[in-house]
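Trainee: The structure is given below, and queries will be raised subsequently.
The values are calculated or read from the model by the stated rules, or taken from the named source; none is laboratory data. Here the structure is a predicted model, which means the values were calculated and not measured. No Cβ is skipped: glycine too gets one built from the backbone with ideal geometry, and neighbour counts run over all protein chains shown. SASA here: full protein model, heavy atoms, side chains in, ligands and nucleic acids out. Shrake-Rupley method; radii C 1.70, N 1.55, O 1.52, S 1.80 Å.
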Amino acid sequence: MRPLPIRVRLTAWYFLVLCLAFGAFSLLAFFEVRGSIHSAVDEGLRDRAADIRELLERQWPAEQVKRELAAGSSVRGEDDILQIAETRGEWTYRSVSALHYGLQLVRPAETAEKFQFSTVYSKRMPLRILNGQLRVADKAYDVQIAAPMDDFYDAVNRFRLVLLFSVPVLVLAASAGGYWLSRKAVAPVGEIARAAQSISEHELSKRLPILKTGDELQSLSETLNEMFARLERAFKRVTQFTADASHELRTPIALMRTRTEVALRKQRSEADYRETLLRIHQELERTSALIENLMTLARADSGSESLLVAPTNLSELLMEISETARLLAEGKSIQYDQRLPETPLCVSGNAPSLRRLFLILIDNAVKYTPYGGRISVVLDASDGAAVTQIRDTGVGISAEDLPHIFERFYRADESRSRESGGTGLGLSIAKWIAEAHQGKISVVSKVGEGSVFRVQIPLSEGGL
């Protein structure tokens, strides 16, 4: 079953809440009005009982009291419903209206002077009745006073009808207004959805309209635009990475294909075939290294390349790779020096990855340092981190190229990089390894004077 739109659900909840609220208000108002009428009528009956007491306290003869009561009844008309009886049966008075409605005088169960109120119907007339006993001197009088409630109940019924007809109209009108407001409130969401649907992989530069409302909708639009910006940057990186990888793989494959085609055009000597196979093997080694680097970076981007870390002594690690580093330097008659602390500097790291990181930087320094140059590796501790500096006296990096050297496939000198066998991914991998260890890598360089690569990795607890 298809879920209802948000505006319909909001209106339905609004309608339900209004029904409950107006229903509770109507019941409360109805009973409050009726209770107020009863209280007012009861107060009038008490006042009438007080007048009768005052009359009885005059100690007039029974006939004179009856005449006074009859005179009062004639003034009040049909609304004067009164019965009085002396408890010893000496005399009784009933007004004309009391005789008309056929009310029976009820002697209260308690002899104390206390009034009881009730509502009864007699000849289809609602009557509010006071029953009680008045004690004057040594005599007691049973009193029943009633008041017709037809006019009051007519007013209450009219009020009930007003509630019955007006409340549903108000609820429906308010619900219609609520639906209009909810539709207007969620209309921008529809606009945002349509704008988001129009953004495809070919139009990631498009953005959602920012609604200057200062509320959650504006925040939603801004958040989605930030998300699209991140997606655009990621998509561009992936697209560029794919294009660069295709380009890098096309070159060695084209070279190997060309060499094999040339070798197969005519009969050649064993030495020529051997030379061709040697060149193809060199290209295969370079291609294999490129593919391995691409796989490493792809796993890093997907988050599947997790490093198993353990306490690692960087002093021992750099000492282990020093032999390999010296062999690389000796190939170009480069002087290699290193200064390591006597005390261990331990970090929480993955030893193979850290070894790869430092060999990448040392190999890079060897490639771009001319014959007879110098490379030095210094390890020290600073601000709770192990800091490794790899300094060379190479060609240096220009200020224009410096911000881009950690980008994938970026080469400051394309021809020289190809001659040295570089893939343009080494520094990108080095940066990923450093950041995977919560560290960072930076470089300071000047053309013609050399470069200094600085790797900073936090020390583990007790690492110094």
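Trainee: Could you list all residues from segment 21-39 that are touching a residue at least 12 places away in the same chain (Cβ under 8 Å), open to solvent by less than 60 Å² (accessible area, probe 1.4 Å) and closer than 15 Å to Thr119 by Cα?
Mentor: Ile37, His38
Trainee: Looking at (1) touching a residue at least 40 places away in the same chain (Cβ under 8 Å); (2) closer than 30 Å to Glu57 by Cβ; (3) out of contact with any strand residue (DSSP E or B) (no Cβ under 7 Å at 6 or more places or on another chain), find the lone condition where Arg183 falls short.
Mentor: (2)
Trainee: Checking Gln282 against (1) open to solvent by 50 Å² or more (accessible area, probe 1.4 Å); (2) over 26 Å from Ala298 (Cα atoms), which single condition isn't satisfied?
Mentor: (2)
Residue-wise test of (1) closer than 30 Å to Leu284 by Cβ; (2) of a type outside the set (A, V, I, L, M); (3) touching a strand residue (DSSP E or B) at 6+ places or on another chain (Cβ under 7 Å).
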residue: Ser200; (1), (2), (3): no, yes, no
residue: Arg207; (1), (2), (3): no, yes, no
residue: Gly214; (1), (2), (3): no, yes, no
residue: Met227; (1), (2), (3): no, no, no
residue: Glu232; (1), (2), (3): no, yes, no
residue: Thr242; (1), (2), (3): yes, yes, no
residue: Arg250; (1), (2), (3): yes, yes, no
residue: Ile253; (1), (2), (3): yes, no, no
residue: Leu264; (1), (2), (3): yes, no, no
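Trainee: Return the only residue of Asp42, Asp142 being over 28 Å from Arg160 (Cβ atoms), open to solvent by less than 50 Å² (accessible area, probe 1.4 Å), charged (D, E, K, R) and modelled with pLDDT of 85 or more.
Mentor: Working: Asp42 fails: over 28 Å from Arg160 (Cβ atoms).
Unique residue meeting the criteria: Asp142.
Trainee: Please go through segment 430-445 and give me each residue that is open to solvent by less than 60 Å² (accessible area, probe 1.4 Å) and either among the charged types (D, E, K, R) or more than 17 Å from Leu314 (Cβ to Cβ) (or both), ordered by number.
Mentor: Once the filter is applied, which keeps residues that are open to solvent by less than 60 Å² (accessible area, probe 1.4 Å) and either among the charged types (D, E, K, R) or more than 17 Å from Leu314 (Cβ to Cβ) (or both), segment 430-445 yields Trp432, Ser442, Val443, Ser445.
Trainee: Any idea how many residues of segment 353-363 are more than 47 Å from the chain's Cα centre (by Cα) and either outside any helix (DSSP H, G or I) or crowded, with 19+ Cβ neighbours inside 10 Å (or both)? Working first, answer last.
Mentor: Step one: of segment 353-363, the residues more than 47 Å from the chain's Cα centre (by Cα) are 362-363.
Checking the rest, the ones that are also either outside any helix (DSSP H, G or I) or crowded, with 19+ Cβ neighbours inside 10 Å (or both) come to 362.
So the answer is 1.
Trainee: Considering each residue of segment 148-203, count those that are among the hydroxyl-bearing types (Ser, Thr, Tyr), open to solvent by less than 50 Å² (accessible area, probe 1.4 Å) and part of a helix (DSSP H, G or I), and give that number.
Mentor: 4
Trainee: Let me ask something else. Tally the residues that are buried (at least 20 other Cβ atoms within 10 Å of the Cβ) and touching a residue at least 40 places away in the same chain (Cβ under 8 Å), restricting the search to segment 76-96.
Mentor: 4
Trainee: Does any residue of segment 366-375 turn out to be within 20 Å of Glu285 (Cβ to Cβ), part of a helix (DSSP H, G or I), at pLDDT 90 or above and open to solvent by less than 40 Å² (accessible area, probe 1.4 Å)?
Mentor: Within segment 366-375 (the criterion being within 20 Å of Glu285 (Cβ to Cβ), part of a helix (DSSP H, G or I), at pLDDT 90 or above and open to solvent by less than 40 Å² (accessible area, probe 1.4 Å)), the answer is yes, since at least one residue qualifies.
Trainee: Whether any residue in segment 233-256 is without any contact (Cβ under 8 Å) to a residue 40 or more places away in the chain and among the acidic types (Asp, Glu) is what I want to check.
Mentor: Among the residues of segment 233-256, not one is without any contact (Cβ under 8 Å) to a residue 40 or more places away in the chain and among the acidic types (Asp, Glu), which makes the answer no.
Trainee: Counting just the residues of segment 376-411 that are out of contact with any Gly (no Cβ under 7 Å at 6 or more places or on another chain) and on the phi > 0 side of the Ramachandran plot, which one comes out most open to solvent (accessible area, probe 1.4 Å)?
Mentor: If we take residues in segment 376-411 being out of contact with any Gly (no Cβ under 7 Å at 6 or more places or on another chain) and on the phi > 0 side of the Ramachandran plot, then Asp383 is most open to solvent (accessible area, probe 1.4 Å).
Trainee: List the pairs whose first member sits in segment 48-67 and is in a helix (DSSP H, G or I), whose second member is loosely packed, with under 11 Cβ neighbours inside 10 Å, and whose Cβ atoms are under 7 Å apart, counting only residues at least 6 apart or on separate chains?
Mentor: Ala62/Glu90
Trainee: What's the number of the only condition in (1) touching a residue at least 12 places away in the same chain (Cβ under 8 Å); (2) surrounded by 13 or more Cβ atoms within 10 Å (Cβ to Cβ); (3) part of a helix (DSSP H, G or I) that Arg207 fails to meet?
Mentor: Result: Arg207 passes all but (3).
Trainee: Taking Val309 as the residue in question, decide whether it is modelled with pLDDT under 90, surrounded by 14 or more Cβ atoms within 10 Å (Cβ to Cβ), under 19 Å from His437 (Cα atoms) and β-branched (Val, Ile, Thr). Let's see the steps before the verdict.
Mentor: Details: modelled with pLDDT under 90: yes; surrounded by 14 or more Cβ atoms within 10 Å (Cβ to Cβ): yes; under 19 Å from His437 (Cα atoms): yes; β-branched (Val, Ile, Thr): yes.
Against the criterion (modelled with pLDDT under 90, surrounded by 14 or more Cβ atoms within 10 Å (Cβ to Cβ), under 19 Å from His437 (Cα atoms) and β-branched (Val, Ile, Thr)), Val309 qualifies.
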